[in-house]
Structures are given as structure tokens and as C-alpha cells.
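Note sheet for the following structure.
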Amino acid sequence: MKECCAVVGIYAPGKDVAVLTYFALYALQHRGQESSGIAVSNGKNIECYKEMGLVSQVFTQEILQRLKGHIAIGHNRYSTSGTSKIHNAQPVILKTHLGTIALAHNGNLINYEHLKKMLLERGLTFATSSDSEVIAKLFALSEADTLEEKISSIMGELRGAYSITMCTPNELIGFRDPLGIRPLCIGKINGGWVISSESCALNTIGAEFIKEIPPGEGVIISQDGLKSFAGRKLKQESLCIFEYIYFARPDSLLNNRSIYSARYNMGRKLAKEWPVEADAVMAIPDSAVPAAMGFSYESGLTYIEGLIKNRYIARTFIQPEDHLRKLGIKLKFNLVVENIKNKKLVVIDDSIVRGNTTKAIVKLLKEAGAKEVHIRITSPPMQHPCFLGVDTATYGELIAANKNISEIADFIGADSLGYLSLEGLMEATGYNREKFCAACFNGEYPLLFDEKIE
Ligand code: SF4
């Protein structure tokens, strides 16, 4: 499972908006680690800097000092549409009749090819292979009079997931698709405003959380203050349930509830649904840690740390030498052997996609002396791929689409395997099924290509 992207927007006259955006992106690094970019408007021009790499690798003090202005948007990218190349890094910059605009997008359009073909037939050219440029071009082409009307009109054409921050020379804009598949929230900072994929970034830069932008709605922030507007509505909402399971940081809020407590509850429910006699419970870090603590509380098993994660090793741009590459999972995790040796372990993880990583971890733990390894997963078997901005796998690659639970347990080498039920997962979030996209588990995709958006 790979995250999709992070977006940020800041409107704060008199503040160093580039530095604020940098730290907000830094807090959202977990949502995308391929490239990072910041665009800043000074009221006349928009300057942008983007590069491949982590936020801390892309920006220096000197670069941030060059980005002067009072409005900024920022983006961390993990590519789900378009290749992982610098020309697809965001923000997207486009010259329009409103002046230059900058746009940052979290999500994935399912009708990207159709829209691009339509725009190519109208004679437009494209500098990137990402769906975000299509959104910027549609906005630029809209003949509606006001910003709200332009956004509402493009919302009528877009299908799929999009949480967007955008700036013109004088306005900061944020809007979210009618299903609300990806999160987007708004906060206040000393007379200014912040829009962010997750509330954890607001905390990092000292902004106060105000609210989540509701599905299908948007905000425009200018010298006249903040104006909310209703774009397009659908009867259903479909926040991606994986935001709770894996993507969002545990200190973020979603639907006014803490991700940490939802994950803790998932662990408690797993302990009830899949009890096991063991000596200790541990997590595959980081996302499964709260759930392992919940499992420990409910089962009475001691919580231990068995694996320490080298957090961003997968995104280093230094190619490992052959002998390092062969170490595989060991590059990512270090073992705490004395916690593992001669123990019967319950090991909590958030999901199993192809099964290869879980298999490697079970092998690693057993080689370190674990007597038994019982895998417990905080989500149901993933039987369907995602078309809405998450890089999962195809049906052929998804292990749960091709094997039953006991076959998967055999494949990964676990002594037992248990998945949280969909009901248990929903209960852990405190909301019911209608609120979420859970198509990875039940195949009920929220938006068909031709569905009409009012
Ligand atoms: S299909 Fe899965 S990963 Fe994609 S939006 Fe729905 S729940 Fe999230």
C-alpha cells in the first residue's frame, strides 16, 4: 500500500508562508515521499520550486528565502497517475486569463483519459502525464464568471478522488470531491488561514483546527476573508477507510475523531475476534502500534517492541549495493532480539497486499528465535484493487483475491492468521459503513464513471 499525496495551502500576509508550508509538508511526509514542491504568490507573480526527494532533501533555507509572498501551496507526491518523474512533480503551474495559477492535488481521477482526450481534441497540449494538469486545464478553460462557479463546473466533469489546494495571484482555494474520498481540513493561524490534508500539520505550525471541508464543498480565502461555497453534492460520502487503517498520522483527526483511538479500538476488536495464547504482542511499525496497544489492553498480553523501523529507507535515492539489497527487509527494520527470542508472539499489521513483506517479517522473527508467530491484521482481507488514488495491486497480485485465510497463513509461514471483520473495523471508527469507501474489502466502488453529479 502506498500513500497518495499531501496538499497544503497557506494565506497569511506578513508571515513567511514558504517556511510555514515547508513545516506543514514536513508533518505530512508520510503521505508522499517521491517529490515535494511549494508555490508562492506575492500578489503579482507565482514562484514555484519542486524537486524529487523528501521535503528535507528538496528545500534549503536559501531556496525558501527566494519564495516570497503571502499565499503558498505545497505538495508531497507519491505517483498513482503519471510516472515518478520531475515533470510530474507538483504544484502544477499554469498561465490562465486569471493570471498564473498553481494547483496541488491529492487523489486520482478515474475519467482522466477521457478528459485528456477531450482537451487534446480542443487543441490543448500537456507538459505532464498526471491527472492534476487536466484539472488545472479544465479550470483555466471554464467560462463561468466567478471562482466558485468555475470550480463547481469542473466538479461536474471530474470523477474520482480529489482534495485540492490552489492559488491565483490573490486567492487561496481549497476544495474536495463530492464523495470526500481524501481528507482536507482548515485551520487558523494568527489572522491567516491554513488548508491541509491532515490536522497534524496544523498542530506542527501552531495553527488552530477549525473544521474539515465537507465533501463537495470548498473555500476561497482572499483579502476579504474566508468564503465557503457548496460545489457539487452526492447522496453518499465515501472517505477512504484506509485513512483510518494506515494513511493518516495517528495524531490527526478525521470526522472529528482521533485516528489513534480508532486504531487502538481496532486492536481491541481484533483481540476479541481472534484471541490467541501467547507471551507478548508487538506491532509492525508504525501504523499498527496503536492497534497493538489496544490488543494488549484487551487481551492482557504484554506489549513489546520487536522491530524498529528505519523510517524513510525505502525512499533513499542512494541505490544500495548488491550485498545490502540482498538484506531486503533488514534494510527497513532492525530486530530487538531479546524481546523476541523464545516467545510466542502476536504480531499486528494493518494489511496484507501481496503477502511477500509479511512472509519476510515472519521469517525474520522466526530466525531471531520466536517460538510462534500469530499474525493479526487490523483490516479485512484485501480482495479488490483501488482505482481511486492508492497504489494497491491487481486482482492477480492480491493474495486474498486468490487464496483463503489458511492458504495465506501457510504462504506467509505464520502459526495462525486473523483479519478484523468489516463490522469490527467500522465499529472501531465509531461510524457506520455508509460513511466510507471500503471497496478494497467488499468490491462496492462508490462512483461509477457515468454517474450523474447534481
Ligand atoms: S478502494 Fe480501498 S484504498 Fe481505494 S479509496 Fe476505496 S477503501 Fe480506499
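Here are a few things to note about the model shown:
- Computed from phi, the 3J(HN,Hα) profile of the range 356-366 under the Karplus parametrisation 6.51, -1.76, 1.60 (θ = phi - 60°) reads 5, 5, 4, 4, 5, 5, 4, 4, 4, 5, 5 Hz, with x in place of Gly and Pro.
- Evaluated at q = 0.07, 0.12, 0.14 Å⁻¹, the base-10 log of the normalised Debye intensity for the chain, with identical point scatterers placed on the Cα atoms, takes the values -0.36, -1.01, -1.29.
- Order of K344, K330 - criterion: other Cβ atoms within 10 Å of each residue's Cβ, fewest first: K330, K344
- With eigenvalues of the C-alpha gyration tensor scaled by 5 and rooted, the range 5-234, Å: 24, 20, 17
- For the chain, the residue among T378, P275, I361 whose Cα projects farthest onto the positive side of the dipole built from Cβ charges is I361.
- Between K344 and T146, the modelled label-to-label distance comes to 6.7 nm, taking each label 7 Å out from Cα in the direction of the beta carbon.
- Spin-label model distance (nm) - R66 vs E113, 7 Å beyond Cα toward Cβ: 3.9
- Ranked by how many other beta carbons lie within 10 Å on average, peptides 106-119, 236-249 from highest: 236-249, 106-119
- Where only DSSP H runs of four or more residues are counted, the chain gives -7500 deg cm²/dmol as its mean residue ellipticity at 222 nm, each run worth -39500 (n - 2.57).
- Between the listed residues A262, L109, F59, the Cα displaced farthest toward the positive end of the dipole of the chain, a dipole computed from Cβ unit charges relative to the Cα centre, is found at F59.
- Contour excess over end-to-end distance, with Cα ends at R257 and K309 and 0.36 nm allotted per residue: 16.0 nm
- Additional length obtainable on full extension of the chain from K371 to S421, 0.36 nm per residue less Cα span: 15.3 nm
- Karplus 3J(HN,Hα) series, Hz, for the range 49-64 with 6.51 cos²θ - 1.76 cosθ + 1.60 (x for Gly, Pro): 10, 8, 7, 6, x, 6, 3, 6, 8, 7, 9, 10, 4, 5, 5, 5
- Whole-Hz ³J(HN,Hα) from phi, Karplus 6.51 cos²θ - 1.76 cosθ + 1.60, for the range 102-113, glycine and proline x: 10, 9, 10, 10, 10, x, 7, 8, 7, 9, 4, 4
- Using 0.36 nm per residue and subtracting the Cα-Cα separation, the extra length available between F23 and E444 on full extension is 147.8 nm.
- Inter-probe distance in nm under a simple model that places probes 7 Å from Cα toward Cβ, at V336 and I405: 2.9
- Theoretical FRET efficiency, 1/(1+(r/R0)^6), r = Cβ-Cβ of Q236 and A393, R0 30 Å, to 0.05: 0.70
- The lysines whose alpha-carbon is closer than 19 Å to the alpha-carbon of K403, local same-chain residues fewer than 8 away aside, are K359.
A short reminder: the numbers here are calculations on the coordinates, not readings from a lab. Just so it is clear, the structure is predicted and the values come from calculations on it, not from any experiment. Heads up, the Cβs are rebuilt from the backbone with ideal geometry, glycines too, and the neighbour counts pull from every protein chain shown.
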